[in-house]
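This report concerns only the one structure given below.
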Amino acid sequence: MTRNGRFKGRSVGVVGDLSIDEQRYLYRKARELKAELMAGGDAVRYRIADSDYSAYLVFLENSTRTRESFRNAALFHRVRASMFDAASSSFAKNESMTDAIKMLIGYAPESCFVIRSKLEGVCGWLSDYLGPWAERSGYARPSFINAGDGKHEHPTQEFLDEFSFLEQLRWDDSRIHLALLGDLRHGRTVHSKADGLRAFRSVVVDLVAPPELAMPDAYVEKMRRNGFEVRVYASIDEYLASGEAAAIWYFTRLQLERMGESVLEKAPMLRKAVTFRKDMMEKLPDGTRFYHPLPRDRLAPTIPAFLDDTPLNAWDAQSANGYYTRAALMAMLSGVVGDDFDGEGLPAAAEDEAFVLEAPASTRTKPEYKIGIKPVDSGLVIDHIASGAPIEEIWNRIDKIRRVLGLNLRSSHGVYHTNSGAFKGIVSVPDLLSFGEKELKRLGAVAPGCTLNLIEDHRVARKYRLGMPPRIYNFDDIACRNDNCVSHPSHQEHVEASFVRKSGTGTFVCRWCEREHDYSEIWSL
Ligand code: NCD
């Protein structure tokens, strides 16, 4: 059987790596697959069944369910399956992730990597970097599947959760009202819900957690941007008292291993706020079901054991769904299924908006740069550097411009008053006349808001205004501030820092781990 389905070679580092329609397609295929297997069928149409296809399960953090469901999914597919863990593989020998994976790609014509790691954004990086590398080297483009990266995301858990909710709602995706409870700050499965719940056309989500464990603002904002109605409660008692509780409750355990000291100390008290008690039973809406990505803390479970054999228990069936959704996802990414997809795919990458604008060059003679700077007859003047910023920052920016652009030439620079009385920096470089597109972009990244005047014959021949660039990358002195990010210098993974401006704000999002930064935060020097 040829495998040329349209998703072949795609990767899933975050939920949004599949469009909403593609996610719905996954749920449809997982549903068909489950029905066929439950009815005793052999589901041959869904199997990769190719001994030249390798599935590598790289689990550098603990896992039971995710790893075992993927291992079983690989067995279902009748492919080569290899397991790696932190202790026994070369990942423990100071080898970079990129080197280790590159080597494995060489062992089979076609591979898929399922990776759990504390390095946030690792799958996005590997797919961007090693995907093209593999193709250049004569292999099929490998798929990378994120099986949980630090506090960032857990997309395949998200898919099985949504599948389970849909199953409960009899595949009606028109509306969902659910509560997320527990450690919403550190738990990645609830972070992935900000995108995953978009599989439903209308979403009301209640966040139930004490402030120390609250959902990070960035995810709450994302939920609201996605059109969800979001309500916030500090404890189950407060939630039930509101009289507006949902019938779908999604619990998470306290992620003790990811907490800082100060929160850890308060863990028993915080846990109390999100632990279910017998006396709460009667306040639940009819037909309520409880979900949990598991594991449950056996010493202090937020869903106590007395609920196991009650109709509230939806978590057992939920965890079994991990097998079907992961097997269906592998069928998609290996190209076994996909030809009957007829929805909308991912949007094409948006064109970067222009941020270098040519401005009319005034006809009057060259600007007068008084106090110290001698007007240049011909050359280049960078003006309005960090205009309005504190003086120290302006000097830093001037320094950065000189370093980044390598302006080691006869030149002068300084801090001056603007017309409105604030301060700005100016750098003037006589003799230098050529300034290419690449330099313009770099200048814009280092000193957004500045203007560049090209002066010829005592006149401003050309003038450019530089806005905030849509992307900042390819600079030695930028770095992501998230020390769990795959690109953070402390990990020595040699992953280039790269930022994308978030539309509508002045902030920049790390391309790998998605951490948001202010413009000034991305510069490490
Ligand atoms: C979750 C995880 O690892 O993020 N577990 C899982 O994959 N089933 C949740 C957790 O560890 O609490």
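The values are calculated or read from the model by the stated rules, or taken from the named source; none is laboratory data. The shown structure was predicted, so the numbers you read here are calculated from the model rather than taken from an experiment. Virtual Cβ from ideal backbone geometry, glycine too; neighbours counted across all protein chains shown. Each accessible area value is taken on the protein alone, full model and side chains, heavy atoms only, with ligands, DNA and RNA left out. Shrake-Rupley method; radii C 1.70, N 1.55, O 1.52, S 1.80 Å.
Worth pointing out:
- Comparison of Ile478, Ile455 shows that the only residue that is surrounded by 15 or more Cβ atoms within 10 Å (Cβ to Cβ) and modelled with pLDDT under 90 is Ile455.
- Counting only residues that are within 16 Å of the ligand (Cβ to nearest atom), hydroxyl-bearing (Ser, Thr, Tyr) and touching a Leu at 6+ places or on another chain (Cβ under 8 Å), region 249-288 holds 2 of them.
- Members of region 40-79 found to be within 16 Å of the ligand (Cβ to nearest atom) and free of Cβ contacts under 8 Å to residues at least 24 places away in the same chain, listed by number: Asn62, Glu68, Arg71
- Residue pairs whose Cβ atoms lie under 8 Å apart, separated by 6 or more positions or on different chains, with the first residue in region 285-308 and free of Cβ contacts under 8 Å to residues at least 60 places away in the same chain and part of a strand (DSSP E or B) and the second more than 15 Å from the ligand (Cβ to nearest atom) and open to solvent by 10 Å² or more (accessible area, probe 1.4 Å), are Phe290/Leu312; Phe290/Asn313.
- Scan region 128-157 for residues that are hydroxyl-bearing (Ser, Thr, Tyr), surrounded by 24 or more Cβ atoms within 10 Å (Cβ to Cβ) and more than 11 Å from the ligand (Cβ to nearest atom) and the total you get is 1.
- Checking Asp206 against (1) in contact with a helix residue (DSSP H, G or I) (Cβ under 7 Å, 6 or more places away or on another chain); (2) more than 14 Å from Phe251 (Cβ to Cβ); (3) of a type in the set (Asp, Glu), the condition it does not meet: (2)
- Number of residues in region 158-195 that are near the ligand (Cβ under 10 Å from one of its atoms), open to solvent by 10 Å² or more (accessible area, probe 1.4 Å) and part of a helix (DSSP H, G or I) equals 2.
- Within region 269-322, the set of residues being among the basic types (Lys, Arg) and surrounded by 15 or more Cβ atoms within 10 Å (Cβ to Cβ) comprises Arg271, Lys272, Arg289, Arg296.
- If you go through region 106-122 and keep only what is over 15 Å from the mean Cα position of the chain (by Cα) and open to solvent by 20 Å² or more (accessible area, probe 1.4 Å), you end up with Gly106, Tyr107, Pro109, Glu110.
- Candidates are the residues of region 465-511 that are among the polar types (S, T, N, Q) and assigned to a loop (DSSP other than H, G, I, E, B); the one that is farthest from Cys123 (Cα to Cα) is Thr505.
- Ile426 in a helix (DSSP H, G or I), outside the structural domain of Gly504 (by TED's automatic domain parsing), at pLDDT 90 or above and touching a strand residue (DSSP E or B) at 6+ places or on another chain (Cβ under 6 Å): no
- When residues of region 88-105 are limited to those that are open to solvent by less than 20 Å² (accessible area, probe 1.4 Å) and of a type outside the set (Ser, Thr, Tyr), the one nearest to Arg136 (Cα to Cα): Ile105
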